[in-house]
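The values are calculated or read from the model by the stated rules, or taken from the named source; none is laboratory data. Model, not experiment: these values are computed from the prediction. Ideal geometry is used to build each Cβ from the backbone, glycine not excepted, and the neighbour counts take in all protein chains shown.
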Amino acid sequence: MDFLEDIKACGHPRLFPHLSAGVNRETGETNARYSQGAVNQFSSYMKTLGFGKGIGAHAFRHTLATELHHKNVSDQDIALITGHSLRKNVPVLHDAYFHKKPKLARAKQIKILAKYKPPVELPKYERGQFKESLADPSKFYP
């Protein structure tokens, strides 16, 4: 939540203002593909660690799904975490009648992710960690 507070303080409307969405070379307008910007940054980072081509963000999605499967997490719950969809037995009910309950889904996602404990220690964000870079709006993307 500290990161969110820092972003609010800098006044930018997006959560990751330094993340490029790409620009259409013909029109000069944004491609609105922020996820590709994150994938590109992560791929560059992985190369600095010595990983070859083909090992990127998607590999972690596979690892997470496999690890949760080995911990007997249901396919439906894995799909809830990874963003995959499942075949529905009664599509009209799922598409038009059942309403998603985000608070319940989020609690379930947290419970499922608690089962995945990779042997790595992730650094904790410190409030103000990016204060200097967030102070320069000329480096923000639309």
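Out of 35, 43, report the one residue that is out of contact with any Pro (no Cβ under 9 Å at 6 or more places or on another chain) and modelled with pLDDT of 85 or more.
43
Which of the residues that make up the range 23-40 are loosely packed, with under 15 Cβ neighbours inside 10 Å and either within 23 Å of residue 127 (Cα to Cα) or of a type outside the set (S, T, N, Q) (or both)?
23, 25, 26, 28, 29, 32, 33, 38, 39
Could you list all residues from the range 88-129 that are at pLDDT 80 or above and either touching a Cys at 6+ places or on another chain (Cβ under 9 Å) or among the basic types (Lys, Arg) (or both)?
The answer is 108, 111, 115, 117, 124, 127.
Could you look through the range 66-90, keep only residues that are among the hydrophobic types (A, V, I, L, M, F, W, C) and under 15 Å from residue 111 (Cα atoms), and pick out the one that is nearest to the chain's Cα centre (by Cα)?
Taking the range 66-90 as the starting set, the residues that turn out to be among the hydrophobic types (A, V, I, L, M, F, W, C) are 68, 73, 78-81, 86, 90.
Still in the running and under 15 Å from residue 111 (Cα atoms): 68, 73, 78-81.
Values: 68: 18, 73: 21, 78: 15, 79: 14, 80: 13, 81: 11 Å.
Selected residue: 81.
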